[in-house]
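Notes follow the structure.
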Amino acid sequence: LVDATDSLRTIAQKVNSANSGVTASIIDGGTGSNYLTFTANATGAKNKVQLADLSGDTILSDLGVLGGVPAIRETITNGATSMVFAKNSDPVGTMMNAQGVGAASFTVNGTTVNIDLSTDNLQTIANSINAAVSGVSASVRSVTENGTTSYKLDIAGTAGTPTFSDVSGNALASLGITQRSFANQLVTAQDAAYSLDGVNLTSATNSITTAIPNATLTLLKSNETTPETSTLSLSKDTAAIKAKIGTFKDAYNDAIDFIRTYSQFDKESFASGPLFGDPVAGQLEQQISSMIFSNIPGLTGTYTNLTSIGFNLDDQGKLTLDEGVLTTAISAAPNDLANMFKTSGLGSTNELQYISSSAKSIASGTSAYDVNITALATKGSYTGETAQTLASTATEILSFGGSMIGTTPYALTINSGSSLSDTVTRINSDSKLKDLVLASIDGTGKLKIESKKFGAGGNFSVISNLAAATDNSGIGALAAGTTVTGTDVQGTINGEAATGNGQFLVGNVGNAKTEGLQILYTGTTTGLVGSMSLRKGMGTQTNDLMTTFLDSVNGTLTASDKTLKSQFDDIDSQITDLNTRMALKRADLQAKFTRMEEAISKIQSQGSQLAALKTTS
């Protein structure tokens, strides 16, 4: 909020305190020449500075920052989009932290729309536009970047880009739909443009981390007229690889130390660990040691086990690593080295892809697992009752439901005057539906909506608030069109039962070899469609072994704990029984002792009486 007493410096301070992603500063141009500048905190075209006067004020114009006539700030297909907002449900004025905003009006294609920025959110503004203006569709679109979801208001015309004009309140400028040009623009925000191996690319920053995996490119200078070429040489980071493999050695030795600390007898201190004599502890160490030097199933050639890359055992049973041998292996066969530690799968065709596996999935070794498909995955769809041949004569609401949509039905408004092509575009561009379904016009001219997701999880329903007719979408209010139910893939892996989920097939619990093995089949044929090789490296094998011991339900140590607990419970029960019997025995002895004392007392009394009689006689 700027008032009449503010100087350029205090205006800059207020802008910076707002934390809006823009930095305001003052340039001293000499006596009587001071300039207020606005600079985006982030680089790239999408981060360009967005400025607008609110509530009909002309502060930025008076300062000479903005000039010219308003124009669309950011275009989309047949329309314009707003700036980014944090939420869809909060009032726009609140999200902008703007005081004094309120009722405003603007025109779209010459039709007036009235809103209130102090109470309206993005969705209610979209609803107001849709209710007032025909031939225009307004919707709220979600945008997710770096894990943060934000929202934008899209306004698009069915027959081209609409015209926009603020009437009062500067609503369009406040939303970022329109913006006046900068009177004095020092630097235009733009993305970096470069080519990599002949492929033209752009980046919002000059530090690029996404072009080449695990590599950062830093763009230092540019020459638009005669671009310069640089040659990049990438090499393996041998030191980093050796360091990571070294952590495996350290982790192994730490595990052995831990096992021995709690399970062995110390000959010097004569102390023994709490697991001394427990066969499970010895079993764990033996299995780890045995596994470490076994060949990795499926690996062939020079590097098939840890010994081949420099690992060995010292006289204490600890792992050692010959870095010279390891360096040679890294240079000679980096892929074999990687496969030695990780889990990987390889389908015999491009239509079979490895997704994941579990600790109970067994490596296939030299014989891959056959994949037999008995039924293909399909997508659910719905085709309307009637072909639309005329522009719609009423606003129509399509309600989407079903497992894919969620527990709450999703309503989509189709404006009056829309053609069937407009409806297709409306569905395919909707912020929610565009990721779930694909709308099209089938060969008979009817609206067809198909799920983008294979299987039962992609099924949906759709009905209209209008009876099917030639002047609406033809979906109808009774769901009397053609419904196709999506089905999951069916088949077996290695002859073992598997469960389908869309195009994904996973080995069932209890399978001898393929439990938890998940694959993706994208082919179009059934029967024996190929095979899947599963290779488990040492890292995965170690993790699987730990799981078999540490699993909280069926792990070996869990079973041992249960056995010990059962034994402890039995001993506790025996102690309780013994204490009960001892208490009963004590009570019995106490009763007998009491009776004996009573008998002695009586005898003593009788003796006293007899002695008295003898004396009197």
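Here are the numbers:
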quantity	calculated
Selected residue (only one of 97, 127 is under 15 Å from residue 415 (Cβ atoms), within 37 Å of the chain's Cα centre (by Cα) and either assigned by TED's automatic domain parsing to the domain that holds residue 167 or not in a strand (DSSP E or B) (or both))	127
Failed criterion for residue 442 (all others in (1) farther than 30 Å from residue 342 by Cα; (2) crowded, with 20+ Cβ neighbours inside 10 Å hold)	(2)
Qualifying residue in the stretch 468-488 (condition: among the β-branched types (Val, Ile, Thr), within 30 Å of residue 358 (Cα to Cα) and in contact with a helix residue (DSSP H, G or I) (Cβ under 9 Å, 6 or more places away or on another chain))	yes
Strands (runs of 3 or more DSSP E) wholly inside the stretch 153-249 that include at least 3 residues being over 33 Å from the mean Cα position of the chain (by Cα) and either under 27 Å from residue 101 (Cβ atoms) or modelled with pLDDT of 90 or more (or both)	164-168, 178-182
Leading residue by the ranking (surrounded by the fewest Cβ atoms within 10 Å (Cβ to Cβ)) among those in the stretch 36-57 that are in contact with a helix residue (DSSP H, G or I) (Cβ under 8 Å, 6 or more places away or on another chain) and either at pLDDT 85 or above or over 18 Å from residue 96 (Cα atoms) (or both)	41
The stretch 136-152, residues that are in contact with a strand residue (DSSP E or B) (Cβ under 6 Å, 6 or more places away or on another chain) and either surrounded by fewer than 21 Cβ atoms within 10 Å (Cβ to Cβ) or within 14 Å of residue 83 (Cα to Cα) (or both)	139, 140, 141, 142, 143, 149, 150, 151, 152
Cβ-Cβ under 7 Å pairs, at least 6 apart or on other chains, the stretch 390-416 side in contact (Cβ under 8 Å) with a residue 12 or more places away in the chain and over 19 Å from residue 129 (Cβ atoms), far side charged (D, E, K, R) and outside any loop (DSSP other than H, G, I, E, B)	404/453
Tabulated pairs, the stretch 427-447, first in contact (Cβ under 8 Å) with a residue 40 or more places away in the chain, second basic (Lys, Arg) and buried (at least 16 other Cβ atoms within 10 Å of the Cβ), C-beta under 7 angstrom, 6+ apart or interchain	431/141; 442/448
Matching residues, the stretch 395-409, being under 20 Å from residue 125 (Cβ atoms) and at pLDDT below 90	395
Leading residue by the ranking (farthest from residue 370 (Cα to Cα)) among those in the stretch 523-534 that are of a type outside the set (Ser, Thr, Tyr) and surrounded by fewer than 21 Cβ atoms within 10 Å (Cβ to Cβ)	523
Residue that is surrounded by the fewest Cβ atoms within 10 Å (Cβ to Cβ) [pool: residues in the stretch 70-84 that are among the β-branched types (Val, Ile, Thr) and either assigned to a strand (DSSP E or B) or touching a Ser or Thr at 6+ places or on another chain (Cβ under 6 Å) (or both)]	75
Residue count, the stretch 1-34 (criterion: of a type outside the set (S, T, N, Q) and part of a helix (DSSP H, G or I))	6
Test result for residue 541, polar (S, T, N, Q), modelled with pLDDT under 90 and either in contact with a helix residue (DSSP H, G or I) (Cβ under 8 Å, 6 or more places away or on another chain) or assigned by TED's automatic domain parsing to the domain that holds residue 252 (or both)	yes
Residue, nearest to residue 490 (Cα to Cα), within the stretch 503-522, restricted to residues that are surrounded by 17 or more Cβ atoms within 10 Å (Cβ to Cβ) and over 27 Å from the mean Cα position of the chain (by Cα)	511
Residue satisfying all of: in the stretch 425-462; farther than 17 Å from residue 405 by Cβ, part of a loop (DSSP other than H, G, I, E, B) and charged (D, E, K, R); nearest to the chain's Cα centre (by Cα) among these	442
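The values are calculated or read from the model by the stated rules, or taken from the named source; none is laboratory data. This structure is a prediction, so every number in the text was calculated from the model and none was measured. Because the Cβ atoms are built from the backbone with ideal geometry, glycine has one as well, and the counts that use them run over all protein chains shown.
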